[in-house]
Amino acid sequence: IKKITTETLRKMKFDKEKITMLTAYDFTTAKMVDAGGVDAILVGDSASNVMAGYETTLPITLDQMIYHAQCVIRGVDRALVVVDLPFGSYQSNPEKALESAVRIMKESEAHAIKLEGGKEVEKSIKKIVNAGIPVMGHLGLTPQSIYQFGTYKVRAKEEEEAEKLISDAKLLEELGCFSVVLEKIPAALAKKVTDSVSIPTIGIGAGPHCDGQVLVYHDMVGMNKDFSPKFLRRYLDLYTEITGAVSQYVKDVKSTDFPNQEESY
Ligand code: KIV
Ligand code: NA
């Protein structure tokens, strides 16, 4: 199997081949997602929501992210594995950012890290890239800043924020980021960004013109009944499937249908 690298993704943009990415947080899921053929797997800090049940991505710790990354990497043969630096592990100073990134790379053997922001985290990105660690950027709706935004609505609809986003994307490219996630911004702006940088843009709620797409695994397989943003396409209704299977199991045990003779020793 030919492993996907950051260089592969760069080449895919050049060749106009779309890049596919999904999240995973555990071994078994990572195996299935890799077998399905995605190019990259994100161990997102969305684990804070979908794995731990927190309302935001803020509470998850670096140790917890490393645990998820270790589980995922054991299940992956082909995809590039990118791990989110969690809130608080890189914003305070560049040395701490580098330390956090090094811990992820060393302890999980993942292939790259991702962090949120542009100009504000310039020094941290420089430091991590200089250490030889591939960095993916993340602009637009950056969930670690949710308390500053106040809502999960579309970002950069106004001129000023859109201009900053474009200049941040160019800065990320200059700093040596290998790719950038664009979350929940107008499709026209995502196109403009995609056309103005040579590094691949990976969109979520950012329209069809990005070089690639990413979704949260639990959302795309329909495990989250109550999360239905317009940008989400559900490929399965696993919430219904799984609760149905569980209730059938409960019935079978209660009625002594399970286990039967063949299922017994
Ligand atoms: O944590 C995450 O799942 C993400 C994606 C939504 C891009 O950052
Ligand atoms: Na994230």
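Within the stretch 29-42, is even one residue free of Cβ contacts under 8 Å to residues at least 24 places away in the same chain and either surrounded by 15 or more Cβ atoms within 10 Å (Cβ to Cβ) or among the aromatic types (Phe, Trp, Tyr) (or both)? No, because not a single residue in the stretch 29-42 is free of Cβ contacts under 8 Å to residues at least 24 places away in the same chain and either surrounded by 15 or more Cβ atoms within 10 Å (Cβ to Cβ) or among the aromatic types (Phe, Trp, Tyr) (or both). Against the definition (at pLDDT 95 or above, under 21 Å from ALA47 (Cβ atoms) and either crowded, with 23+ Cβ neighbours inside 10 Å or hydrophobic (A, V, I, L, M, F, W, C) (or both)), how does VAL216 come out, yes or no? Answer is yes for this residue. Taken over the stretch 39-67, residues that are within 12 Å of ligand 2 (Cβ to nearest atom) and not hydroxyl-bearing (Ser, Thr, Tyr) amount to 10. I'm checking my understanding of the structure. Among residues of the stretch 3-28 that are surrounded by fewer than 16 Cβ atoms within 10 Å (Cβ to Cβ) and of a type in the set (D, E, K, R), which one is nearest to THR201 (Cα to Cα)? Looking at the filtered set, the residue picked out is LYS18.
Within the stretch 118-156, the residues that satisfy the criterion of being assigned to a helix (DSSP H, G or I), buried (at least 20 other Cβ atoms within 10 Å of the Cβ) and within 15 Å of ligand 2 (Cβ to nearest atom) are VAL121, PRO143, GLN144.
Rundown of residues vs (1) assigned to a helix (DSSP H, G or I); (2) of a type outside the set (A, V, I, L, M, F, W, C); (3) within 11 Å of ligand 1 (Cβ to nearest atom), yes/no style:
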position: THR28; (1), (2), (3): yes, yes, no
position: MET32; (1), (2), (3): yes, no, no
position: GLY37; (1), (2), (3): no, yes, no
position: SER48; (1), (2), (3): yes, yes, yes
position: ALA52; (1), (2), (3): no, no, no
position: THR57; (1), (2), (3): no, yes, yes
position: ILE66; (1), (2), (3): yes, no, no
position: CYS71; (1), (2), (3): yes, no, no
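Quick one: would you say LEU182 is surrounded by 22 or more Cβ atoms within 10 Å (Cβ to Cβ) and in contact (Cβ under 8 Å) with a residue 24 or more places away in the chain?
Considered against the rule, which asks whether it is surrounded by 22 or more Cβ atoms within 10 Å (Cβ to Cβ) and in contact (Cβ under 8 Å) with a residue 24 or more places away in the chain, LEU182 comes out as yes.
The values are calculated or read from the model by the stated rules, or taken from the named source; none is laboratory data. Here the structure is a predicted model, which means the values were calculated and not measured. Here the Cβ is made from the backbone with ideal geometry for all residues, glycine too, and neighbour counts use every protein chain on show.
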